[in-house]
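Undergrad: Before anything else, here's the structure in question.
The values are calculated or read from the model by the stated rules, or taken from the named source; none is laboratory data. Predicted model only: the values in this text are computed from it and were never measured. All Cβ positions, even for glycine, are placed from backbone atoms using ideal geometry, and neighbour counts span all protein chains on display.
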Protein chains: 2
Amino acid sequence: MSLDIQLPPRERLLQAAVELLANSEGAPVSTRKITELAGVTAPTLYHHFGDKEGLFDAVVAVGFEQYVASEMDLEPTGKPLDDVRRMWDQHVRFGIEKPHLYLVMFGKVRPGNRSNRVSEAEALLRGKLDRAAEAGHLNVPPADAVRSILAANIGVTLMLISEPEKERNFELSDMTRDAVITAVSSEAGIADSATPVGASAVVVAAIALNAALESSNPQQLSNTEMKMFLEWLHRISKTT
Amino acid sequence: MSLDIQLPPRERLLQAAVELLANSEGAPVSTRKITELAGVTAPTLYHHFGDKEGLFDAVVAVGFEQYVASEMDLEPTGKPLDDVRRMWDQHVRFGIEKPHLYLVMFGKVRPGNRSNRVSEAEALLRGKLDRAAEAGHLNVPPADAVRSILAANIGVTLMLISEPEKERNFELSDMTRDAVITAVSSEAGIADSATPVGASAVVVAAIALNAALESSNPQQLSNTEMKMFLEWLHRISKTT
DNA sequence: CTAGCACCTATAGCATTGCTATATGAAGGG
DNA sequence: CCCTTCATATAGCAATGCTATAGGTGCTAG
């Protein structure tokens with residue numbers, strides 16, 4: 001039941017924590033299980049990490065470095081706002097692929113006590129947004145843009161994580177991403193909302209009809225007709 | 001140290017839980033402190049609520065009802081999307097005013113396991129958005145709009161809660177709110193002031209869709225399907 | 001009036017949790 | 001060879017969520 005590979009205990013503890021964190025679906029992981037799997041006793045853990053939270057911080061630091069690295073691997077596109085979009089996507093992907101790590105990083109909110117990881121993620125985003133601002137692509141201060149984008153990004157990721165895997169609809173991410181980024185950017189100002197991207201009069205009308213039908217069922221169509229009608233309506237409502 | 005007011009133990013437990021939850025700044029609240037403050041022993045708690053989580057659920061249910069009530073108190077403005085904006089603001093205000101309750105509701109995310117409160121909040125929003133859709137103010141299906149808005153709303157609220165009270169910048173909320181709502185909305189509503197009095201929303205929407213289809217034929221339906229679809233649309237458009 | 005029954009509460013204690021006071025071992029420098 | 005320093009282990013504490021069991025308490029049936 002212990003990691004036989006003879007590494008220094010510190011590394012074994014980290015490895016054990018990662019493994020248990022990954023396999024226990026969101027359930028709390030005890031220090032005892034960790035030390036047991038690492039083949040080590042309790043004081044060793046506290047000698048090296050001081051705290052359970054210290055150990056988890058170390059684990060998260062590793063994960064966060066991977067996340068940052070995966071972002072740094074990508075070359076800047078030249079359009080800073082496109083970089084921001086890509087960063088958003090990386091963020092979401094990281095959360096989906098390693099939910100346990102992500103939740104340790106961003107999941108436990110405390111009043112008046114912002115977590116380090118949030119600050120670090122903010123700094124990362126800030127870099128890109130400063131460049132966007134220099135290029136005149138922002139219509140709000142970068143500091144404001146960062147907070148808005150990051151808040152939405154975390155909110156979306158948490159929501160996707162909390163959804164059953166099968167039901168996950170990533171359009172949610174794209175939609176919200178473009179919404180907040182467009183809002184802070186001066187490229188396509190907020191004002192042109194009258195002609196939203198990809199929306200056609202047909203889609204708008206189809207959605208409206210669908211909603212209206214749900215609240216009152218007219219008698220002009222039989223049940224089977226209505227069923228088919230609704231399905232087609234649904235298909236029309238789906239853009240792209 | 002105990003609540004002297006002689007209420008039924010169940011109520012005393014609820015009251016004690018609320019009080020401790022409110023005063024302990026985000027720190028975990030133990031069942032022992034709760035039962036002690038309520039002047040009651042452990043089994044009583046488990047008899048009435050089954051679980052610590054059960055007790056907290058009951059507490060949260062009370063808080064949520066207040067939240068819903070505060071929303072219901074407001075009369076609809078007539079513009080569904082304005083109602084949505086107000087709902088967003090109510091959500092944020094609730095989170096700021098009762099962070100402990102809010103965090104119990106929305107703070108503990110588990111992979112693949114959406115919380116009841118999220119679903120309930122979704123249903124609330126959904127009501128308003130359906131009306132917006134009926135009025136032709138949406139350019140995405142209401143279900144998608146709900147998720148995007150709610151995810152951003154929760155994200156923003158969590159971020160505001162996690163910030164030191166002095167630094168809180170509520171512009172973050174307004175900015176993000178308008179961003180996501182604008183993104184899902186088509187202010188060029190099809191059924192705005194031109195809505196004939198007395199005509200049902202279904203008929204209006206059907207006529208609008210018919211008109212929209214005449215100018216652009218979508219690819220989602222085959223020719224035969226489209227033919228039948230148009231005929232049914234026609235039947236629906238005929239007022240009885 | 002009393003026997004029985006359902007409901008509610010208390011006594012006492014279990015297993016697990018994070019963490020630590022203290023002791024033991026090993027490695028290196030004087 | 002001793003002494004310091006670092007790293008690990010023994011054993012156990014206090015707090016946690018929860019429960020097996022038993023004891024009231026009030027209501028209804030006989």
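Undergrad: Just give me the residues in segment B:39-85 being more than 16 Å from DNA strand D (Cβ to nearest atom) and either touching a Leu at 6+ places or on another chain (Cβ under 6 Å) or more than 30 Å from B:A132 (Cα to Cα) (or both), in sequence order.
TA: B:G63
Undergrad: If you take the residues in segment B:133-146 that are facing another protein chain (nearest Cβ under 8 Å) and hydrophobic (A, V, I, L, M, F, W, C), which one is farthest from A:M175 (Cα to Cα)?
TA: B:A135
Undergrad: So which residues in segment A:94-128 are at pLDDT below 85 and assigned to a helix (DSSP H, G or I), if there are any at all?
TA: Hit for segment A:94-128 is A:N116, nothing else.
Undergrad: Going residue by residue through segment B:109-125, is there one that turns out to be without any contact (Cβ under 8 Å) to a residue 24 or more places away in the chain, under 25 Å from B:V62 (Cα atoms) and in contact with a helix residue (DSSP H, G or I) (Cβ under 6 Å, 6 or more places away or on another chain)?
TA: yes
Undergrad: Mind checking which residues of segment A:23-34 are within 11 Å of DNA strand D (Cβ to nearest atom) and at pLDDT below 95?
TA: Listed by number, the list holds a single entry, A:P28.
Undergrad: If we keep just the residues of segment B:129-140 that are under 16 Å from the mean Cα position of the chain (by Cα) and of a type outside the set (D, E), which is farthest from B:V184 (Cα to Cα)?
TA: The extreme case among them is B:R131.
Undergrad: Between B:L7, B:L20, which is aliphatic (A, V, I, L, M), surrounded by 12 or more Cβ atoms within 10 Å (Cβ to Cβ) and modelled with pLDDT under 90?
TA: B:L7
Undergrad: Please specify each residue of segment B:107-123 satisfying the condition of being touching a Leu at 6+ places or on another chain (Cβ under 9 Å) and more than 9 Å from chain A (Cβ to nearest Cβ).
TA: Of everything in segment B:107-123, those that are touching a Leu at 6+ places or on another chain (Cβ under 9 Å) and more than 9 Å from chain A (Cβ to nearest Cβ) turn out to be B:A121, B:E122.
Undergrad: Now for a different question. Modelled with pLDDT of 85 or more and within 14 Å of chain A (Cβ to nearest Cβ), is that true of B:K79?
TA: Considered against the rule, which asks whether it is modelled with pLDDT of 85 or more and within 14 Å of chain A (Cβ to nearest Cβ), B:K79 comes out as no.
Undergrad: Within segment B:104-131, how many residues turn out to be within 28 Å of B:P76 (Cα to Cα) and in contact with a Gly (Cβ under 9 Å, 6 or more places away or on another chain)?
TA: Total meeting the criteria: 2.
Undergrad: How about segment A:133-145: which of its residues are surrounded by fewer than 24 Cβ atoms within 10 Å (Cβ to Cβ) and either touching a helix residue (DSSP H, G or I) at 6+ places or on another chain (Cβ under 7 Å) or more than 30 Å from B:F106 (Cβ to Cβ) (or both)? Don't jump to the end; show me each part of the working.
TA: Filtering segment A:133-145 for residues surrounded by fewer than 24 Cβ atoms within 10 Å (Cβ to Cβ) gives A:133-144.
Across segment A:133-145, the qualifying residues are A:A133, A:E134, A:A135, A:G136, A:H137, A:L138, A:N139, A:V140, A:P142, A:D144.
Undergrad: Among (1) modelled with pLDDT under 90; (2) crowded, with 22+ Cβ neighbours inside 10 Å, which single condition is B:H91 missing?
TA: Failing condition for B:H91: (1).
Undergrad: Please tell me if B:G78 is within 16 Å of DNA strand C (Cβ to nearest atom) and loosely packed, with under 15 Cβ neighbours inside 10 Å.
TA: No, not satisfied.
Undergrad: Turning to a different aspect of this structure: Which condition breaks for A:E75 when tested against (1) without any contact (Cβ under 8 Å) to a residue 12 or more places away in the chain; (2) in a helix (DSSP H, G or I)?
TA: (2)
Undergrad: Could you check, for segment B:197-209, whether at least one of its residues is closer than 21 Å to B:A135 by Cβ, more than 9 Å from every other protein chain (Cβ to nearest Cβ), within 28 Å of the chain's Cα centre (by Cα) and modelled with pLDDT under 65?
TA: no
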